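Participant: Shown below is the structure under consideration.
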Amino acid sequence: MSKTDLIIIGGGAAGLMAGCAAGELGLKALVLERKAKPGRKLLMCGNSRCNLTTNISEDRMVQMFGDPVGPFLEPALKAFTPSMSQRWFAAHGLKTVVKTGNKVYPHTERAADVLNLFTDQLRDRNVSLACSSVVQALEKTKNGFRVTTDNFVVESKYVLIATGGVSYPKTGSVGDGQDWAKKLGHQVEAFRPGLAGFEVEPGVLQGRVGKIYEKVTVDVLSKGNVVGQTRGVFEIEKWGVGGTALTDASRIVARHDLKNYVLKVNLLDGKSEEIRPLNTRSIKEAMVTVGGVALDEIDFQTLESKVCPGLYFAGEVMDVDGPTGGYNLQAAFATARLAVSSVAKRCGKKDGFQTLEAPPKGQGARRRGPDRREHAGKQRRSGQKRRNR
Ligand SMILES: Cc1cc2nc3c(=O)[nH]c(=O)nc-3n(C[C@H](O)[C@H](O)[C@H](O)COP(=O)(O)OP(=O)(O)OC[C@H]3O[C@@H](n4cnc5c(N)ncnc54)[C@H](O)[C@@H]3O)c2cc1C
């Protein structure tokens, strides 16, 4: 049985960033990942191009997350802002580019490069990453926690749960962290699909499958009232409707627990159509999970559990989700860094993170030509099939 300062459970976006942060702050940390390789979901992000963050201010981001997520994330987003995130990646050798819709990508537009950066950093900073280590149990002990994997047992004073939501379970996130949190006294909000398309009665969209409408707005209507509005792309698929405007609308439906609702799609030419979906697509195919460990039992200034001291959370395991456009990865990264810096303070580490110098004016993230994704969309008007992401 070996001891360490911090055990990080989950080697996804939040867990990997937490490991890097622990290395930066000189903590002895161990990252445990169930899969043979870390970051399976990270590799899928942004059609494998990885929309890392957004190029907007942290205040605007808080607004865009909306209640209750935005105010909860505020300290994390202020401590690691979207522009600091871009500078962090650049400082570690991966410059970023800003594309349409303020979406920020690595300049190589390869999610694999983001993952390699993380694993290189862990190696260079002596943070252990144990893959193929399925955590089976997390228990409170007199002095901290005992973590039992299928191969070994480790103990530490502090544990960070970064096991993600429950969407795309093949990537390894299946809800284990929420189960442990429940056993340790936490409330868990019900899981609902966020950022998913909507299934529509077959026939309603007949003859239009494959069509893409750019720059629409969508009003989410319930009992005649507008509950929320989104903007973006509207795509007609075999199974129903998708595209960013619609997937963002699914988050509004989930957050308001709407059962009877209408999606009013307003097209650029002034025409609009009302769609009454059968339901949101399954959570397995949603990009994020709405629901998770309840926010009011987590101290938003430190991300420590209010009911189980020494236990911390980061990323989608919490009831945290955002719109499309880099919000969810930014939330995972920022919460990971805040949680680890809170642990470092508890461990008596006085030095904080190195300042990420702002580049001289005009030398921030590079702006590049139009988004390749948009070109792909235009090509698809000719009937090509593409996954809805
Ligand atoms: C198709 C797709 C595209 C997306 N694109 C984007 C995008 O471009 N931009 C964006 O901002 N967001 C995007 N997202 C959302 C983003 O990927 C997630 O919000 C983010 O990955 C959440 O990070 P996380 O670390 O909390 O969870 P995850 O990335 O899910 O990581 C959790 C990790 O914990 C591990 N784990 C779980 N249980 C155990 C256990 N018992 N023992 C050990 N390890 C365990 C899992 O194997 C997994 O590796 C996308 C999501 C999907 C599905």
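Participant: Can you tell me which of Leu52, Leu43, Leu77 is within 16 Å of Asp321 (Cβ to Cβ), under 16 Å from the mean Cα position of the chain (by Cα) and of a type outside the set (Phe, Trp, Tyr)?
Facilitator: One residue alone meets the criteria, Leu77.
Participant: Within segment 184-205, how many residues turn out to be of a type in the set (A, V, I, L, M) and within 15 Å of the ligand (Cβ to nearest atom)?
Facilitator: Result for segment 184-205: 4.
Yes/no per residue for (1) within 21 Å of Gly315 (Cβ to Cβ); (2) assigned to a helix (DSSP H, G or I); (3) not small (Gly, Ala, Ser):
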{"position": "Leu27", "(1), (2), (3)": "yes, no, yes"}
{"position": "Val31", "(1), (2), (3)": "yes, no, yes"}
{"position": "Ala36", "(1), (2), (3)": "yes, no, no"}
{"position": "Asn51", "(1), (2), (3)": "yes, no, yes"}
{"position": "Leu73", "(1), (2), (3)": "yes, yes, yes"}
{"position": "Ala90", "(1), (2), (3)": "no, yes, no"}
{"position": "Leu94", "(1), (2), (3)": "yes, no, yes"}
{"position": "Gly101", "(1), (2), (3)": "no, yes, no"}
{"position": "Val104", "(1), (2), (3)": "yes, no, yes"}
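Participant: For segment 90-128, name all the residues that are among the hydrophobic types (A, V, I, L, M, F, W, C) and under 18 Å from Arg40 (Cα atoms).
Facilitator: Across segment 90-128, the qualifying residues are Ala111, Ala112, Val114, Leu115, Leu117, Phe118, Leu122.
Participant: Sticking with this one: Return yes when Lys37 is surrounded by 20 or more Cβ atoms within 10 Å (Cβ to Cβ), within 15 Å of the ligand (Cβ to nearest atom) and among the charged types (D, E, K, R) and no when it is not.
Facilitator: no
Participant: Of (1) of a type outside the set (D, E, K, R); (2) away from the ligand (no atom under 14 Å from the Cβ); (3) closer than 26 Å to Met44 by Cβ, Asn143 satisfies all except one. Which?
Facilitator: Just one mismatch for Asn143, condition (3).
Participant: Which numbered condition trips up Cys50, out of (1) closer than 16 Å to Asp296 by Cβ; (2) touching a residue at least 24 places away in the same chain (Cβ under 8 Å)?
Facilitator: The failed condition is (1).
Participant: For residues that are more than 7 Å from the ligand (Cβ to nearest atom) and either at positive phi or assigned to a helix (DSSP H, G or I) (or both), tally how many sit in segment 2-25.
Facilitator: Number satisfying all stated conditions: 9.
Participant: Being farther than 15 Å from Ala18 by Cβ and either crowded, with 16+ Cβ neighbours inside 10 Å or among the charged types (D, E, K, R) (or both) is the filter here, so list the residues in segment 116-134 that pass it.
Facilitator: Selection gives Asp120, Arg123, Asp124, Ser133.
Quick grid of which residues meet (1) among the basic types (Lys, Arg); (2) assigned to a loop (DSSP other than H, G, I, E, B); (3) in contact with a strand residue (DSSP E or B) (Cβ under 8 Å, 6 or more places away or on another chain):
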| site | (1), (2), (3) |
| --- | --- |
| Asp67 | no, yes, no |
| Ala112 | no, no, no |
| Asn116 | no, no, no |
| Gln121 | no, no, no |
| Leu129 | no, no, yes |
| Ser133 | no, yes, yes |
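Participant: Among the listed residues Gly292, Gly310, which satisfies the condition of being touching a residue at least 12 places away in the same chain (Cβ under 8 Å) and over 16 Å from the mean Cα position of the chain (by Cα)?
Facilitator: Only one candidate qualifies: Gly310.
Participant: Before we move on, is Ile56 more than 7 Å from the ligand (Cβ to nearest atom), β-branched (Val, Ile, Thr) and assigned to a loop (DSSP other than H, G, I, E, B)?
Facilitator: Answer is yes for this residue.
Results for (1) of a type in the set (A, V, I, L, M); (2) over 30 Å from Thr355 (Cβ atoms), shown as yes or no for each residue.
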{"residue": "Glu58", "(1), (2)": "no, no"}
{"residue": "Met84", "(1), (2)": "yes, no"}
{"residue": "Ala91", "(1), (2)": "yes, no"}
{"residue": "Thr100", "(1), (2)": "no, yes"}
{"residue": "Lys103", "(1), (2)": "no, no"}
{"residue": "Glu109", "(1), (2)": "no, no"}
{"residue": "Arg125", "(1), (2)": "no, no"}
{"residue": "Gln136", "(1), (2)": "no, yes"}
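Participant: Right, something else. Taking the residues in segment 280-302 that are near the ligand (Cβ under 10 Å from one of its atoms) and crowded, with 24+ Cβ neighbours inside 10 Å as candidates, determine which candidate is farthest from Ala334 (Cα to Cα).
Facilitator: Out of the qualifying residues, it is Ala286.
Here, each number is a calculation from the coordinates, and none is a lab measurement. Just so we're clear, the structure is a prediction, and the values are computed from it rather than from any experiment. Every residue, glycine among them, receives a Cβ derived from its backbone with ideal geometry; neighbour counts consider all protein chains shown.
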